[in-house]
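The values are calculated or read from the model by the stated rules, or taken from the named source; none is laboratory data. Keep in mind that this is a model prediction, so the values were computed, not measured. Here the Cβ is made from the backbone with ideal geometry for all residues, glycine too, and neighbour counts use every protein chain on show. These area figures cover heavy atoms from the full protein model, side chains too; ligands, DNA and RNA do not enter into them. Shrake-Rupley method; radii C 1.70, N 1.55, O 1.52, S 1.80 Å.
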Amino acid sequence: MSQTAAPVRTLSRPIIELDHVNKWYGAMHVLRDVSLTVAEGERVVVCGPSGSGKSTTIRCINRLESHQEGRIVVDGTELTDDLKALDTIRREVGMVFQSFNLFPHLTVLENCTLAPIWVRKTPKAEAEELAMEFLRRVKIPEQAKKYPGQLSGGQQQRVAIARALCMKPKIMLFDEPTSALDPEMIKEVLDTMIELAESGMTMVCVTHEMGFARQVADRVVFMDHGEVVESGTPTEMFEHPQTGRLKLFLSQILRGH
Amino acid sequence: MEQSLAPAPAEAPVTERRPPARVVGPLAWLRANLFNSWWSTALTLVMGYLLLRWAFAFFGWAVVHAIWTVPLGPNGQPATNVCRVADPAGACWAVIGEKFRFILFGRFPYAEQWRPALAVVLFLALYAVSAMRRFWRMELVLIWVVALAMIGVLMWGGILGLPFVGQDVWGGLPITLILATFGLAFAFPLSVLVALGRRSRTLPAVRVLCVLYVELIRGVPLISLLFMASVMFPLFMPAGLNPDKLVRAQLAFILFAGAYLAEVVRGGLQALPKGQYEAADALGLSYWKKTCLIILPQALRLVIPPLVNTFTGFFKDTSLVLIIGLFDILTTGKIAVSDPVWNGFATEVYLFLAVIYFAFCYAMSKYSRGLERDFARARRR
């Protein structure tokens with residue numbers, strides 16, 4: 001059923017390992033024996049219908065959600081209740097949310113420098129320099145002094161990406177980064193993500209943007225009802241879906257495209 | 001087909017125009033708000049008439065027919081009969097001229113009353129400095145400590161050649177300001193901690209304690225708390241360790257205000273979207289950094305209106321200490337008019353007190369509106 005990704009580039013050691021992860025909300029079994037290994041530098045797209053557990057899965061990787069059974073190892077550190085381990089992991093894992101979650105009381109620049117200054121103890125001037133560099137990379141250096149509320153959705157999401165990058169993470173998690181955007185702004189965010197992928201960043205993206213998946217993903221993982229149903233290269237997945245559930249899902253999301 | 005649906009091609013952009021005078025300007029405002037139907041016109045006229053009548057009557061009483069000073073009578077007492085027999089009746093402002101030092105400073109020795117006066121000025125200066133955002137840094141704490149120490153020296157004396165003045169003769173405005181300032185300055189940080197504790201998911205014992213504190217304190221009237229502080233509290237204390245009445249009232253006041261403010265702050269914490277907590281977590285911020293840098297700055301801005309509401313409420317509630325025998329400014333006012341010579345001029349004295357209370361409360365609400373406006377810019381989403 002699940003196949004190993006045909007490596008497009010040479011992929012090195014595994015950096016994220018989910019081993020038979022189970023999670024319940026009360027009595028509801030939301031993650032069922034989810035196993036997933038992501039190699040350093042790999043780009044994985046997780047897709048699936050709503051309620052399939054795909055967001056929950058990536059939110060377990062930086063422990064915004066806790067799992068109840070199984071093991072999650074990120075960059076050699078196992079995720080447990082140990083707060084020190086959690087701090088270490090969160091420093092190395094950047095996250096971009098569907099609803100941006102910028103800090104509205106801080107300027108764009110302050111949003112980007114906050115964590116480097118307070119978590120990484122970077123000197124302020126250095127943090128600002130770094131932030132400006134990343135804001136240039138996401139192509140909005142001129143907005144640095146503005147507040148998030150003054151920016152468009154696409155701009156806000158690019159700031160959110162820059163903010164996460166300022167922590168110099170080894171892994172970037174994207175939780176439906178374009179779902180809350182107006183159609184004309186999706187491209188600018190995807191372009192930023194494609195550029196990031198080209199720079200060799202390890203990325204796990206929950207998204208419905210199949211064009212993006214085709215272009216950058218090394219591997220696509222399809223989830224349904226809390227379990228990994230199928231995974232493979234974009235071509236395998238989109239051209240030759242093996243399971244009925246994936247076929248149904250593809251027919252649903254491709255309708256109208 | 002397509003062309004018929006499309007609007008006419010606009011070659012030059014439509015020039016911007018000012019709105020017609022029907023829509024903006026004072027006349028349009030009058031028409032829209034006061035005279036937009038026969039019913040609202042009638043209401044406007046009736047209310048306007050009543051308002052004018054009342055204003056004229058008040059002006060006549062308070063200014064035109066007012067008596068500002070009264071001569072000394074044969075017995076050496078002010079001849080307040082002048083005020084009593086005046087027709088038409090006017091305000092007898094002479095009572096304020098005669099009594100304002102007692103109202104403001106109570107039984108503080110007359111010759112030393114410059115000291116509480118200076119203390120009040122120091123309080124006002126402290127408020128003014130704290131209100132200016134460019135002074136919002138750590139040094140402000142130092143300024144507060146120094147200013148409060150100076151106020152303590154001025155009130156007590158006993159050093160620097162100032163004669164000692166016992167707390168039992170303090171009274172008037174300094175008591176009100178001491179209770180309100182210390183009360184709110186300690187109750188506010190306490191309330192933030194309690195609000196955070198009440199939402200703690202990792203420390204259930206702390207949460208239970210916070211809930212108990214808030215519910216118990218909120219469930220009893222401030223007056224009963226003040227009674228307990230003044231009558232019951234000493235019974236539980238070992239002999240010799242008995243803080244005086246003012247300190248006990250102050251503690252009761254801090255506890256009471258803290259419980260109310262905690263609920264206001266909790267409202268702000270709950271209004272923040274979950275995403276803010278998650279974003280801070282995802283960046284690796286620790287609990288206290290997350291709370292101080294992300295959560296509180298936003299939550300407290302959201303609750304400025306109810307916070308100031310509670311602040312002004314408690315500023316005025318300080319007057320309840322009269323029931324345990326502390327002489328705050330309302331109490332000294334009451335005592336002033338119980339003087340047989342000036343009996344019957346309570347209206348003037350209470351108006352005077354109202355003006356003082358109003359000045360403080362209005363300053364608070366005016367300042368808070370300014371803050372809200374400044375912060376609104378950053379809050380737009």
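Test each condition in (1) more than 19 Å from B:ASP317 (Cα to Cα); (2) open to solvent by less than 20 Å² (accessible area, probe 1.4 Å) for B:ILE178 and report the one that comes out false.
(1)
Quick one: B:PHE188 ticks every box in (1) surrounded by 14 or more Cβ atoms within 10 Å (Cβ to Cβ); (2) modelled with pLDDT of 85 or more; (3) not assigned by TED's automatic domain parsing to the domain that holds B:GLY267 except a single one, so which number is it?
Every listed condition holds for B:PHE188 apart from (3).
What residue, among those in region A:93-129 that are open to solvent by less than 30 Å² (accessible area, probe 1.4 Å), more than 20 Å from the chain's Cα centre (by Cα) and among the hydrophobic types (A, V, I, L, M, F, W, C), is nearest to B:ARG373 (Cα to Cα)?
For region A:93-129, the residue satisfying everything is A:LEU106.
Within 14 Å of chain A (Cβ to nearest Cβ), buried (at least 21 other Cβ atoms within 10 Å of the Cβ) and not aliphatic (A, V, I, L, M): is that true of B:GLY268 in this structure? Spell out how you get there, then give the answer.
Values: within 14 Å of chain A (Cβ to nearest Cβ): yes; buried (at least 21 other Cβ atoms within 10 Å of the Cβ): yes; not aliphatic (A, V, I, L, M): yes.
For B:GLY268, the condition - within 14 Å of chain A (Cβ to nearest Cβ), buried (at least 21 other Cβ atoms within 10 Å of the Cβ) and not aliphatic (A, V, I, L, M) - is met.
Which pairs turn up if I take residues in region A:92-104 that are within 7 Å of another protein chain (Cβ to nearest Cβ) and look for partners that are part of a loop (DSSP other than H, G, I, E, B) and surrounded by fewer than 24 Cβ atoms within 10 Å (Cβ to Cβ) with beta carbon separation below 7 Å, at least 6 apart in sequence or on another chain?
Here the result reads A:SER99/A:ALA180; A:PRO104/A:TYR147; A:PRO104/B:ARG381, each pair linking region A:92-104 to a residue that is part of a loop (DSSP other than H, G, I, E, B) and surrounded by fewer than 24 Cβ atoms within 10 Å (Cβ to Cβ).
Could you list, in sequence order, the residues of region B:271-289 that are within 7 Å of another protein chain (Cβ to nearest Cβ), part of a helix (DSSP H, G or I), under 14 Å from A:TRP118 (Cβ atoms) and open to solvent by 10 Å² or more (accessible area, probe 1.4 Å)?
B:ASP281, B:LYS289
Right, A:CYS166: within 17 Å of the chain's Cα centre (by Cα), more than 8 Å from chain B (Cβ to nearest Cβ), open to solvent by less than 20 Å² (accessible area, probe 1.4 Å) and under 27 Å from A:LYS187 (Cβ atoms) or not?
On the way: within 17 Å of the chain's Cα centre (by Cα): yes; more than 8 Å from chain B (Cβ to nearest Cβ): yes; open to solvent by less than 20 Å² (accessible area, probe 1.4 Å): yes; under 27 Å from A:LYS187 (Cβ atoms): yes.
The answer is yes for A:CYS166.
Can you tell me which of A:ALA125, A:ALA144 is more than 8 Å from chain B (Cβ to nearest Cβ) and either closer than 18 Å to A:LEU64 by Cβ or in contact (Cβ under 8 Å) with a residue 12 or more places away in the chain (or both)? Quick ask: steps written out before the conclusion?
Values: A:ALA125 fails: either closer than 18 Å to A:LEU64 by Cβ or in contact (Cβ under 8 Å) with a residue 12 or more places away in the chain (or both).
Going through A:ALA125, A:ALA144 in turn, just one is more than 8 Å from chain B (Cβ to nearest Cβ) and either closer than 18 Å to A:LEU64 by Cβ or in contact (Cβ under 8 Å) with a residue 12 or more places away in the chain (or both): A:ALA144.
One line per residue, one yes/no per condition, for (1) at pLDDT 90 or above; (2) farther than 28 Å from B:TYR367 by Cα; (3) over 27 Å from the mean Cα position of the chain (by Cα):
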position: B:VAL265; (1), (2), (3): yes, no, no
position: B:LEU285; (1), (2), (3): yes, yes, yes
position: B:ILE294; (1), (2), (3): yes, no, yes
position: B:ILE324; (1), (2), (3): no, yes, no
position: B:PHE327; (1), (2), (3): no, yes, no
position: B:ILE335; (1), (2), (3): no, yes, no
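Just to be sure, is B:TYR362 open to solvent by 30 Å² or more (accessible area, probe 1.4 Å), within 14 Å of chain A (Cβ to nearest Cβ) and either without any contact (Cβ under 8 Å) to a residue 12 or more places away in the chain or charged (D, E, K, R) (or both)?
No, not satisfied.
Only one of these conditions is not met by A:ASP218: (1) over 21 Å from A:ASN111 (Cβ atoms); (2) under 13 Å from the mean Cα position of the chain (by Cα); (3) open to solvent by less than 60 Å² (accessible area, probe 1.4 Å). Which number is it?
(2)
Applying the selection to region A:46-87, what residues are hydroxyl-bearing (Ser, Thr, Tyr), more than 14 Å from chain B (Cβ to nearest Cβ) and open to solvent by 10 Å² or more (accessible area, probe 1.4 Å)?
Going through region A:46-87, the residues hydroxyl-bearing (Ser, Thr, Tyr) turn out to be A:50, A:52, A:55-57, A:66, A:77, A:80.
From the residues that got through so far, the ones that are more than 14 Å from chain B (Cβ to nearest Cβ) too are A:50, A:52, A:57, A:80.
Within region A:46-87, A:SER50, A:THR80 meet the criteria.
Say we look at region A:147-163 and pick out the residues that are away from chain B (no Cβ under 12 Å) and within 30 Å of A:THR88 (Cβ to Cβ); which of these is most open to solvent (accessible area, probe 1.4 Å)?
A:ARG158
Pick from region B:290-332 the residues that are open to solvent by 20 Å² or more (accessible area, probe 1.4 Å) and aromatic (Phe, Trp, Tyr): which of them is farthest from the other protein chains (Cβ to nearest Cβ)?
Per the criteria, the residue is B:PHE327.
Condition first: closer than 30 Å to B:GLU98 by Cβ, surrounded by 12 or more Cβ atoms within 10 Å (Cβ to Cβ) and among the small types (Gly, Ala, Ser). Now tell me which residues in region B:23-75 satisfy that.
Answer for region B:23-75, where residues must be closer than 30 Å to B:GLU98 by Cβ, surrounded by 12 or more Cβ atoms within 10 Å (Cβ to Cβ) and among the small types (Gly, Ala, Ser): B:GLY60, B:ALA62, B:ALA66, B:GLY73.
Having 2 or more residues that are modelled with pLDDT under 90 is the bar; report the helices (runs of 4 or more DSSP H) wholly within region A:140-216 that clear it. Full working, then the answer.
Values: elements: A:153-165, A:183-198, A:210-216.
Hits in region A:140-216: A:183-198, A:210-216.
Of the residues that make up region B:249-263, is at least one over 26 Å from B:ARG207 (Cα atoms), more than 14 Å from chain A (Cβ to nearest Cβ), among the aromatic types (Phe, Trp, Tyr) and touching a helix residue (DSSP H, G or I) at 6+ places or on another chain (Cβ under 7 Å)? Before you say what the answer is, go through the steps one by one.
Here is the first cut: in region B:249-263, the ones over 26 Å from B:ARG207 (Cα atoms) are B:249.
Retained after the next criterion (residues that are more than 14 Å from chain A (Cβ to nearest Cβ)): B:249.
Within this subset, residues satisfying the condition of being among the aromatic types (Phe, Trp, Tyr) are none.
No.
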